[in-house]
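Undergrad: Sharing a structure here in structure tokens format.
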Amino acid sequence: MKSFKFLSFFILLTVVLNLSILIPDAAEHENWSPKLVGGFGYLSVGIQNLDLNKLNYRLQRNGYQSFSSEPMVFGGGGYGVINKFIIGGEGFGIIEEEVISPNGLYKQKFSAGYGLFKIGYIFYSNAQRNFYGLFGIGGGGLQLKIIQNTIPNFQGILENPMRSSFLSNSFFMFNVGLGYTQFFKFNKEKGQAAGFLMGLEIGYNFSIPEDTWLIDVKEIGDGPKVGITGLYFRINYGGGILIKK
């Protein structure tokens, strides 16, 4: 939680300190309302809150280690822009976390990922700098592996093969977010921004959790309801082109 609060504060402070640069004065406002055409894509890194309370409770109650609910996420997205409307998608994965159970008998591995179809609108822009809102809909999934920490020889595995379990859970999800993107090359005469870009995005992912899990391909019930639900902050790096019409 401390790392997530620190990142939140850092991003907020950065935005506040740059408001005079990011937001034009009234005299420039007419240059910040053009129709746009083009597109952009990016790779992204950030932090995502997860709703793992019920899973971690069940794990701890049964002698296992809990997992972080604020992991790092990596992924990317791409969008087309027509008259300031945005359409595209994104996908993100959470780097697998590995821990050892308190008794030292098991390795536990947790990972997750999701993909969203997204639409949005650039509500403030001069082509080079763009502020936009997004709404996404799609799905995600979580994976939990519990593996015996000491594996015997081949004969021992044949005699007792039940030494690991791989469980997964999938769910429907949607998203709302706000973003800022800046291109580093801008041709004022052509009204064209192109090339490398950087940006920030803040938002909230919502999941509709299910208590049905899969072990291999078999469904099992009475599982903890989990999801990729919570705030996220991301830094984007990419490229593209936007042209004033």
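The values are calculated or read from the model by the stated rules, or taken from the named source; none is laboratory data. Just so we're clear, the structure is a prediction, and the values are computed from it rather than from any experiment. Neighbour counts run over all protein chains shown; Cβ positions are idealised from the backbone, glycine included. Ligands, DNA and RNA are excluded from the accessible area calculation, which covers all protein heavy atoms including side chains. Shrake-Rupley method; radii C 1.70, N 1.55, O 1.52, S 1.80 Å.
Undergrad: Mean residue ellipticity at 222 nm from the helices of the chain, using -39,500 (n - 2.57) per DSSP H segment of n ≥ 4 over the full residue count, to the nearest 500 deg cm²/dmol?
TA: Helices in the chain give a 222 nm mean residue ellipticity of -4000 deg cm²/dmol.
Undergrad: Treat each spin label as a single point 7 Å out from the Cα along the C-beta direction, and report the residue 100 to residue 198 distance in nm.
TA: 4.0
Undergrad: Quick one: net charge around residue 52, please, counting Lys, Arg +1 and Asp, Glu -1 for every other residue with C-beta under 13 Å from its C-beta.
TA: Here the charged neighbours net out to 0.
Undergrad: Just how large is the dipole of the chain about the Cα centre, in debye to the nearest 20, putting +1 at every Lys and Arg Cβ and -1 at every Asp and Glu Cβ?
TA: Here the size comes out at about 420 debye.
Undergrad: Report Rg/Rh for the chain, rounded to two decimals, where Rg is the Cα radius of gyration and Rh the Kirkwood radius.
TA: Taking Rg over the Kirkwood Rh, I get 1.10.
Undergrad: Here is the link list: 118/145; 118/218; 145/225; 118/188; 118/190. Which ones come out longer than 25 Å on Cα distance?
TA: 118/145; 118/218; 118/188; 118/190
Undergrad: Under 8 Å for C-alpha pairs, at least 6 residues apart: give me the relative contact order for the chain, rounded to a whole percent.
TA: 21
Undergrad: Taking the Cα centre of segment 105-216 as origin, work out the dipole magnitude from +1 charges on Lys and Arg Cβ and -1 charges on Asp and Glu Cβ, in debye rounded to 20.
TA: 520
Undergrad: Using a Cα-Cα cut-off of under 22 Å, which lysines could be cross-linked to residue 185, ignoring same-chain neighbours fewer than 8 residues away?
TA: Filter leaves 35, 84, 244, 245.
Undergrad: Something else about it: Going by alpha carbons, how many degrees (0 to 90, nearest 10) lie between the helix axis of 2-17 and the longest principal axis of the chain?
TA: 0
Undergrad: First compute the accessible area of the chain with a 1.4 Å probe, then give the percent of it belonging to carbon and sulfur atoms.
TA: On the chain, the fraction of accessible area on carbon and sulfur atoms equals 62 percent.
Undergrad: Which ³J(HN,Hα) values in Hz, rounded to whole numbers, follow from the phi angles of segment 112-123 under the Karplus curve 6.51 cos²θ - 1.76 cosθ + 1.60, where θ = phi - 60° and Gly and Pro get x?
TA: Calculated HN-Hα couplings, in order: 7, x, 7, x, 9, 8, 10, 10, x, 8, 7, 8 Hz.
Undergrad: For the chain, build the charge dipole from Cβ charges (+1 Lys, Arg; -1 Asp, Glu) around the Cα centre, then report which of 72, 227, 128 sits farthest towards its positive end.
TA: Farthest along the dipole direction, towards plus: 128.
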